[in-house]
């Protein structure tokens, strides 16, 4: 079939608005509650608590702000090491550094593309002093949270749960964003529901929630003048952004259902290709299907090399690579994305600790780059690097039509011919 570029761009994941958002934004405007207090804020905090199953929510300017407050609540001090998911966006990790902490990255596992519990246990053997673990749920897929929580409890470490990408996803019937002592969600423009910006700190600890309310409003004391006795931040969500979130919340399940249909259609469309979709624990978890991703089998990969800002590949009959697929999607006016580049590969964090399931991973990573070294189980020693090398995020916008997705499937199939 002859394929023409899409007249209107097919996005990776763009905001899907419904009209009620404008109603609550207008309400904020007409009542003149335009700042960081108002009915919309109160409503969204209560509704998210009810949805996720936590006791307290503090609406903030971003999910990153929520993670920063979580790290501060966890008592991270300058020089303290903190275990962090390796394959994630750097907003998961940067707040540790804001408080002077030192991220140590825990490798990924293939079952869910999230933090590997075996590697986490190894990390505690190497760094027994660590008392905080930041766990992300990649692309809306819950990690192996029971195993991770058991390990953290054994080592008396606090879990900070980064559920920025996974609002509405469940593990054994429990919502993500409720497993950690301190948890963060995001309403960024491309998330499953949006406020255009914004995020929340979620917790069952009333004292912790009150601390965050204070810290996020410049740590003002209860005095008749501006009294400040500790460092504060300008992190509160505005009542206007909260109005957008308030209008989005009723549509969370609808958005998840739409994203699931997209995932299943890709899975069916690619069933004869040497690829797998981003996996999840079908017995215990239900993702929110935020992004549909695919992983090319090793034997179907053409040669691909990535530098810091450029990538090269050599096209081969019957084989392809993420770079080739993404370039072709862009040619047809569809947006894809590489898998998150693991944190231990980022220039800013390249000297930080990195732990695989077989121990300290730095020397092993170099061996894998040069010679494809594998561990005792036959798997690559650096799982995150392998997934980054072979994987990509597909257009997953819930406004994408079935016809548009069928064309995208044909474009991807054509790369393997």
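The values are calculated or read from the model by the stated rules, or taken from the named source; none is laboratory data. Source: prediction; values computed, not measured. When we count neighbours, we look across all protein chains shown, and the Cβ atoms used for this are built from the backbone with ideal geometry, even at glycine.
Could we say that residue 230 is assigned to a loop (DSSP other than H, G, I, E, B), at pLDDT 95 or above and over 19 Å from the mean Cα position of the chain (by Cα) here?
When the stated conditions are applied, residue 230 passes them.
Tell me which of these residue 256 doesn't satisfy, since it passes every other one: (1) in a helix (DSSP H, G or I); (2) surrounded by fewer than 18 Cβ atoms within 10 Å (Cβ to Cβ); (3) in contact with a strand residue (DSSP E or B) (Cβ under 9 Å, 6 or more places away or on another chain).
Answer for residue 256: the failing condition is (2).
Take residue 266 and tell me if it is part of a loop (DSSP other than H, G, I, E, B), in the same structural domain as residue 325 (by TED's automatic domain parsing), in contact (Cβ under 8 Å) with a residue 12 or more places away in the chain and crowded, with 17+ Cβ neighbours inside 10 Å.
In short, no.
Residue check: is residue 41 in contact with a helix residue (DSSP H, G or I) (Cβ under 9 Å, 6 or more places away or on another chain), modelled with pLDDT under 95 and either surrounded by 19 or more Cβ atoms within 10 Å (Cβ to Cβ) or not in a helix (DSSP H, G or I) (or both)?
no
Residue 173 passes all but one of (1) under 24 Å from the mean Cα position of the chain (by Cα); (2) free of Cβ contacts under 8 Å to residues at least 24 places away in the same chain; (3) farther than 23 Å from residue 279 by Cα; which number fails?
Tallying (1) under 24 Å from the mean Cα position of the chain (by Cα); (2) free of Cβ contacts under 8 Å to residues at least 24 places away in the same chain; (3) farther than 23 Å from residue 279 by Cα, residue 173 fails exactly one: (3).
With the requirement that a residue be in contact with a helix residue (DSSP H, G or I) (Cβ under 6 Å, 6 or more places away or on another chain) and closer than 20 Å to residue 397 by Cβ, what does the stretch 250-277 give you?
Across the stretch 250-277, the qualifying residues are 265, 269, 277.
Among the residues of the stretch 66-78, is any in contact with a helix residue (DSSP H, G or I) (Cβ under 8 Å, 6 or more places away or on another chain) and in a strand (DSSP E or B)?
Within the stretch 66-78 (the criterion being in contact with a helix residue (DSSP H, G or I) (Cβ under 8 Å, 6 or more places away or on another chain) and in a strand (DSSP E or B)), the answer is no, since none of the residues qualifies.
For the stretch 79-104, enumerate the residues that are within 18 Å of residue 64 (Cα to Cα) and either part of a strand (DSSP E or B) or not assigned by TED's automatic domain parsing to the domain that holds residue 66 (or both).
Those that are within 18 Å of residue 64 (Cα to Cα) and either part of a strand (DSSP E or B) or not assigned by TED's automatic domain parsing to the domain that holds residue 66 (or both): 82, 83, 84, 85, 102, 103.
Pick from 90, 107: which is crowded, with 20+ Cβ neighbours inside 10 Å, under 21 Å from the mean Cα position of the chain (by Cα) and modelled with pLDDT of 95 or more?
Result: 107 is the single residue among 90, 107 that is crowded, with 20+ Cβ neighbours inside 10 Å, under 21 Å from the mean Cα position of the chain (by Cα) and modelled with pLDDT of 95 or more.
Give just the number: which of (1) over 24 Å from residue 11 (Cα atoms); (2) buried (at least 18 other Cβ atoms within 10 Å of the Cβ) does residue 308 not satisfy?
The single condition residue 308 does not satisfy is (2).
Tell me, please, whether a residue that is in a loop (DSSP other than H, G, I, E, B), within 30 Å of residue 70 (Cα to Cα) and outside the structural domain of residue 46 (by TED's automatic domain parsing) can be found in the stretch 291-309.
Yes, because at least one residue in the stretch 291-309 is in a loop (DSSP other than H, G, I, E, B), within 30 Å of residue 70 (Cα to Cα) and outside the structural domain of residue 46 (by TED's automatic domain parsing).
Every residue, every condition in (1) surrounded by fewer than 19 Cβ atoms within 10 Å (Cβ to Cβ); (2) within 27 Å of residue 332 (Cα to Cα); (3) modelled with pLDDT under 95, yes or no:
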| site | (1), (2), (3) |
| --- | --- |
| 353 | no, no, no |
| 365 | no, no, yes |
| 373 | yes, no, yes |
| 406 | yes, yes, no |
| 409 | yes, yes, no |
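Taking the conditions exactly as written (touching a helix residue (DSSP H, G or I) at 6+ places or on another chain (Cβ under 8 Å), crowded, with 24+ Cβ neighbours inside 10 Å, assigned by TED's automatic domain parsing to the domain that holds residue 165 and touching a residue at least 24 places away in the same chain (Cβ under 8 Å)), does residue 34 satisfy them or not?
Spelling it out, it is not the case that residue 34 is touching a helix residue (DSSP H, G or I) at 6+ places or on another chain (Cβ under 8 Å), crowded, with 24+ Cβ neighbours inside 10 Å, assigned by TED's automatic domain parsing to the domain that holds residue 165 and touching a residue at least 24 places away in the same chain (Cβ under 8 Å).
What do you reckon, is residue 14 touching a helix residue (DSSP H, G or I) at 6+ places or on another chain (Cβ under 9 Å) and either more than 13 Å from residue 243 (Cα to Cα) or surrounded by fewer than 19 Cβ atoms within 10 Å (Cβ to Cβ) (or both)?
Considered against the rule, which asks whether it is touching a helix residue (DSSP H, G or I) at 6+ places or on another chain (Cβ under 9 Å) and either more than 13 Å from residue 243 (Cα to Cα) or surrounded by fewer than 19 Cβ atoms within 10 Å (Cβ to Cβ) (or both), residue 14 comes out as no.
Within the stretch 48-78, how many residues are more than 21 Å from residue 219 (Cβ to Cβ) and free of Cβ contacts under 8 Å to residues at least 24 places away in the same chain?
1
Restricting the stretch 180-214 to residues that are over 16 Å from residue 49 (Cβ atoms) and within 14 Å of the chain's Cα centre (by Cα), which is surrounded by the most Cβ atoms within 10 Å (Cβ to Cβ)?
The extreme case among them is 186.
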